[in-house]
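Okay, structure first, notes after.
FYI, it's all coordinate maths here, none of it is from the lab. Since the model is a prediction, treat every value here as computed from it, not as a measurement. Here Cβ is always computed from backbone atoms with ideal geometry, including for glycine, and neighbour counts include all displayed protein chains.
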Amino acid sequence: MVGILIRSALSVAVACLVLGGCAIKYDMAGKFENANEVFRGTVLHNLLIGRAEIEATGENSGVTCRGHTYVTYVPPLSFGCAGQRGKADMLCEDGRRIDADWLAASCTSGSGRGSDEYGNRFNFVFGLDSKEAEAFVAAALPTVADKPRVRGPATDGANDAAAKPAPQPGDFNRKTARQGLPDFPIVPADVSYRPTKPHPDDIAVILANANYQARGKDIPDVVPAYADAEGFKQFAIRGMGVKEENVVFVKDATAAEMTYVFGTRRNFKGKLYEWVKPGKSRVFVYYAGHGAPGDKTGRSFLVPVDADGSLISLKGYPLEVLYQNLSKLPAKSVTLVLETSFSGVSENGDVLNKILPDLKSKDTPVPSNITVASAGAANQIASWERNDSQSLFTNYFLKGMSGEADNAPHGNRDGRVGWSEIDAYLKATLTRFARQYYGRRQTARIVPAGAG
């Protein structure tokens, strides 16, 4: 989807001398104009032979496309690459072919547009570094979320009769997640909330860490994390009255991004501190992803997607630091919901490297001025629904908050859901189903403000 940019013989020779080689690799990213898909890939650009190889993968479909590019137009009297035009031909794993046109801004950057034979149209940019590509994808995903799925060989009109049913979240194959393909369920639980008045000063920060395998650190993926986080987003907006523009949604947060938002042990004033309106903002923080013990002291850590299974304490975000920094926010109230466990074992495999000694997390004390609801005790596993569509805790937490927990026998039917009612409701649902499905004990930990 991105072009090879041909230089004159002199410019190629200079580049090869300066770079110590003639191959340059950089990132590309793009989104579809008429479908729910965003893609990211790489370009391997050989300056000497005048050719670029491309590989790009859809964030939602997991389909990878590969191909090459060629130049079709070079501006007269041009010494550099700006203004060059070209085409890209690609073949995808599902059989579709892609044609794209590109325009160079420099010898290693530019933009373009393309389409396939099924009418899926997209635009893209190239010449990005990894951080820029990540930012592009994070910004683009919400803009295509409400669009129809990508049309393809199985859904083209002529083949509809023989087409297989469209894949649903529950059809997800856990093997795909282990391979590191970004094809995760994204559909949230179907939950309706009672009407609530808007709270324009409130803030929700939502972190969804699903795609760990993309970083190659031998940490298993968290299959339902995106769907869980989408569900909590709907709860924040519809159930709590948070304005959509006040929702910070981060997919696959790195250690640097967590530090940026929440601060450090020495400096608690992360970006979240700046967003809060003192005494007015209610703050809701949600995290779906791995947690793990990091050392022999029993300290618990949230696991960023760029962590290493053998060095959790080095790149993990300490749970105690998160608690303390949230407790120092000048907010009206702070609620933290954790869809994770800290045992080092997940539904999809071990988080910690097996060569490490047996490490065990201890329950971390909660400051008295924040509320924390977590999927289970430090030594328990955070279970998923049997079809991997959602995590058990998040699914029933959201259903309980929608009003189900206020009904008998869990609640008093006063029209409000209290934390004691949520606790009772989760024991009757989450705890029962974890035992029924997997034969394991999982009891949500609910610590309301004032009880820590």
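Take the Cα of Asp414, step 7 Å toward its Cβ, do the same at Lys427, and the gap between the two points is 1.9 nm. Here, the range 259-376 has an Rg and a Dmax of 14.5, 48 Å when only alpha carbons are counted. For Ser391, the residues 5 or more places off, or on other chains, whose built amide H falls under 5 Å of its own are Asp228, Glu385. Taking 0.36 nm per residue of separation and subtracting the Cα-Cα distance, full extension of the segment from Arg386 to Gln436 would add 16.9 nm.
For a quick check of your reading of the filter: which GluC sites (Glu not before Pro) in the range 181-248 sit in a DSSP loop and have no more than 10 other Cβ atoms within 10 Å? Provide the component values of the computation, followed by the final result.
Numbers: sites: Glu230, Glu244, Glu245; in loops: none.
Sites meeting the loop and neighbour criteria: none at all.
Geometric descriptor of the range 186-447, per residue, is 117 Å³ (volume of the convex hull of the Cα atoms).
Antiparallel as a % of all DSSP beta bridges within the range 186-447, to the nearest 5?
Numbers: 11 of 34 bridges.
Close to 30 percent.
Here the label points at Thr297 and Asn379, each 7 Å from Cα along the C-beta direction, are separated by 2.1 nm in the simple model.
Under the 0.36 nm per residue contour assumption, what length would be gained going from the current alpha-carbon distance of Lys362 and Ser111 to full extension?
In short, 85.3 nm is gained.
Can you tell me what percent of all Cα-Cα pairs in the range 368-411 are more than 15 Å apart? Cα-Cα pairs in the range 368-411 separated by more than 15 Å: 57 percent.
With the convex hull drawn around the C-alpha atoms of the range 337-418, the volume per residue stands at 119 Å³.
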